[in-house]
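So the structure is just underneath, and the comments pick up after that.
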Amino acid sequence: MDWTLGIDRQRDALVRMVAALLVLAGDGSVLPRHVRTGIWRVLRPAEAAFRRLVVVVKVVFKIEAGARVSRAAPPIPRVSGDAVARVPAFALFDARKSFKPRSSVKGRKPVPRIRFFDEVQVFEPVVVISPDDTVSAAHLMRRLRALNAALGDVPKQARRLARWEAKRLSARAETGRYIAPMRPGKPPGHRDRGRHPVDFVLKDCHEMALYALHDPPVTGGKSVST
C-alpha cells in the first residue's frame, strides 16, 4: 500500500469538504436550523475520518512523543473570517459510547392525572419548531475551525496524539484504564446507507487505520496488500 498517496488523497478530500462547509456557514454567528443540521451531518463523520487519518500517520511514520517529523502537509488556503479569534485544539479522541439505558419517557415525569369538575384547565401553547428558525452556531463553528486548522498540519496532530497516548499509558498504572483514540465498533458519524462523499472518506480512513494498527492478513503464506 502506498501510504503517502492514501493519506494525501483522503486529506485533500476532507480539505475540500471543510472549505465548502465554511463557505456555507458564513460568519457562523447564527444559522437557519436546517443549515446547521446539514453541516453537522457532514462535520461529525469528517472529524472521525480525520482522527483515523492522524492515527495512520502516527503509526505508519512511527511518530513518538517528542519526535520531529520532516514531512509537512501541503499548505491549504486560509479562509477569510475572524483571524484574530483563537482556534481551539482539535479533539483527537472519539467520544466514548454511553451504555446507560435510555428512558422511554420523554418530557415531563409522569404524574397522576387528577381532574376536578370545577377545575379551570389552562392549555399551554404548542411551540412549533421550524427548519427556518435561526439558531446559534457558535459550538459548531468552533469545531469546524478546529478541524480546518488541524488539516493544515497533519504531522503536528500526530505528534499531539503521541503525547496524549504517552500520558494515558503512564496513568494506566494508577487508574487501570487506557482509552484509545478510536472507540471500538463503528466510528462516530457512521451511516450504513450513507451516500454523501464524507461517508466514503470515513469508511476508507477507518479501514486504513485498522490496517495500520494490525498486521496485514496472510493468505496462502503471502501478505495481502493493496
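The values are calculated or read from the model by the stated rules, or taken from the named source; none is laboratory data. It should be emphasised that the depicted structure is a prediction, and the values quoted were computed from it without experimental measurement. Neighbour counts are summed over all protein chains in view; Cβ atoms, including those assigned to glycine, are modelled from backbone coordinates with ideal geometry.
Here are some residues: LEU53, LEU22. Which one is in contact with a Lys or Arg (Cβ under 7 Å, 6 or more places away or on another chain) and at pLDDT 95 or above? Answer to the check: LEU53.
Give me the residue from segment 1-60 that is among the aliphatic types (A, V, I, L, M) and touching a strand residue (DSSP E or B) at 6+ places or on another chain (Cβ under 8 Å) and, out of that set, nearest to VAL198 (Cα to Cα). Residue satisfying both the conditions and the ranking: ILE39. Annotation note: of ARG33, ARG16, the sole residue that is of a type outside the set (Val, Ile, Thr) and within 18 Å of GLY152 (Cβ to Cβ) is ARG16. Among residues of segment 43-58 that are under 13 Å from ALA13 (Cα atoms) and crowded, with 24+ Cβ neighbours inside 10 Å, those with a Cβ under 8 angstrom from a residue that is at pLDDT 95 or above and aromatic (Phe, Trp, Tyr), sequence gap 6+ or separate chain, pair up as GLU47/PHE90; PHE50/PHE90. Taken over segment 17-37, the criterion of being in a helix (DSSP H, G or I) and either farther than 22 Å from PHE50 by Cβ or among the β-branched types (Val, Ile, Thr) (or both) is satisfied by VAL18, VAL23, ARG33, HIS34, VAL35, THR37. Quick one: which of VAL128, VAL105 is exposed (fewer than 10 other Cβ atoms within 10 Å of the Cβ), among the β-branched types (Val, Ile, Thr) and either in contact with an Asp or Glu (Cβ under 8 Å, 6 or more places away or on another chain) or modelled with pLDDT of 60 or more (or both)? Selected residue: VAL128, the only one of VAL128, VAL105 that is exposed (fewer than 10 other Cβ atoms within 10 Å of the Cβ), among the β-branched types (Val, Ile, Thr) and either in contact with an Asp or Glu (Cβ under 8 Å, 6 or more places away or on another chain) or modelled with pLDDT of 60 or more (or both).
Listed conditions (1) of a type outside the set (S, T, N, Q); (2) under 23 Å from LYS203 (Cβ atoms); (3) modelled with pLDDT of 95 or more are all met by ASP2, apart from (3). Output yes when any residue across segment 178-194 is among the basic types (Lys, Arg) and either closer than 18 Å to ARG16 by Cα or in a helix (DSSP H, G or I) (or both), and no when none is. The answer is no, given that none of the residues of segment 178-194 is among the basic types (Lys, Arg) and either closer than 18 Å to ARG16 by Cα or in a helix (DSSP H, G or I) (or both).
To keep it simple, each residue is scored yes or no on (1) surrounded by 11 or more Cβ atoms within 10 Å (Cβ to Cβ); (2) in contact with a helix residue (DSSP H, G or I) (Cβ under 6 Å, 6 or more places away or on another chain); (3) modelled with pLDDT of 90 or more; (4) among the β-branched types (Val, Ile, Thr).
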position: VAL154; (1), (2), (3), (4): yes, yes, yes, yes
position: LEU161; (1), (2), (3), (4): yes, yes, yes, no
position: THR175; (1), (2), (3), (4): no, no, no, yes
position: ARG183; (1), (2), (3), (4): yes, no, yes, no
position: PRO187; (1), (2), (3), (4): yes, yes, yes, no
position: ARG191; (1), (2), (3), (4): yes, yes, yes, no
